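This report concerns only the one structure given below.
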Amino acid sequence: MISEDFVYLGVIIASIGGLSYLFYTVKGKVKPNKVTYLLWAIAPLVAFIAEVQQGVGVQSLLTFIVGFLPLLIFIASFFNKKSEWRITKFDLLCGGLSIIGIIFWLLTQVGNIAITFSILADGLAALPTLVKAYKYPETESGWTYLTNSFSSAITLLTITKWTYASYAFPVYLFIISFLIYVSASFKIGRHLR
């Protein structure tokens, strides 16, 4: 394991990726899915609160930043019409299921259950963007998702006491970010068609 101080490096790396996506959103170079980004703000922030309540410590900063930056991107997506992405029934279905996951957490109020439902909600919110990156890779910035994967890996390497609360969200974030990165950067959907 590496020093907990490396979490700050991971947060900086994730912030660079998120801020570049925010910049691309404002410039109209990427087209964020509003449903995804709204729920990508809510679910990690719920998980962050649960992690803090569970005593996770500095590793919870990654969960916070991956909720806060999507909130900024969601807001920015309203300021540039070129960055708009049409919302489909699939987006709304995933968003609805994601909200149901958050409601289940609110009903249970148990830390690990909150983290589980936040991962479920975040994953369902990620599906529209994963599909979009697969079908329309030019609408995404793979770089942002690579930075999230890298910062998640750093966070995982700093964990000294492996509890579900400390590793669950970073493991999930590593996997989903890497999948979106590969889909967007290597145009997997185009090559398979």
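What follows is calculated from the coordinates using simple rules that are stated; it is not laboratory data. Every value quoted in this text rests on a predicted model; they were computed, and no experiment measured them. Neighbour counts run over all protein chains shown; Cβ positions are idealised from the backbone, glycine included.
General observations
- Each of Lys81, Lys27 has some number of other Cβ atoms within 10 Å of its Cβ, and from fewest to most they run Lys81, Lys27.
- Span-like helix ranges in the chain, DSSP H, alpha carbon extent 20 angstrom or more, Kyte mean at least 1.0: 6-27, 34-53, 60-76, 89-108, 164-185
- Normalised by 2.2 N^0.38 Å, where N is the number of residues, the alpha-carbon radius of gyration of the chain equals 0.97.
- Set of aspartates and glutamates near Lys27 by C-alpha distance (under 19 Å), chain-local residues within fewer than 8 positions excluded: Glu84, Glu138, Glu140
- With viscosity 1.567 mPa s and temperature 4 °C, the Kirkwood radius over alpha carbon pairs of the range 1-51 converts through Stokes-Einstein to a diffusion coefficient of 101 µm²/s.
- Average projection, convex hull of the Cα set of the range 45-101: 4.9 square nanometres.
- Footprinting exposure proxy ranking of Asp5, Asp122, Asp91, fewest other C-beta atoms within 10 angstrom first, gives Asp5, Asp91, Asp122.
- Cross-link reach is defined here as a Cα-Cα straight distance under 19 Å, omitting same-chain residues fewer than 8 places apart; for Lys135 the lysines meeting it are Lys29, Lys31, Lys34, Lys82, Lys89, Lys187.
- Projected area averaged over orientations for the range 1-101, convex hull of C-alpha atoms, nm²: 7.2
- Neighbour-limited loop hits for chymotrypsin sites (Phe, Trp or Tyr not before Pro), the range 83-171 (at most 12 other Cβ within 10 Å; DSSP other than H, G, I, E, B): Trp162
- Spatial separation of Cα centroids for the range 44-81 and the range 112-160, in angstrom: 12
- Relative intensity of the range 106-193 on a log10 scale, I(q)/I(0) at q = 0.10, 0.12, 0.20, 0.23 Å⁻¹, equals -0.30, -0.42, -0.90, -1.04, per a Debye sum over C-alpha point scatterers of equal strength in the absence of solvent.
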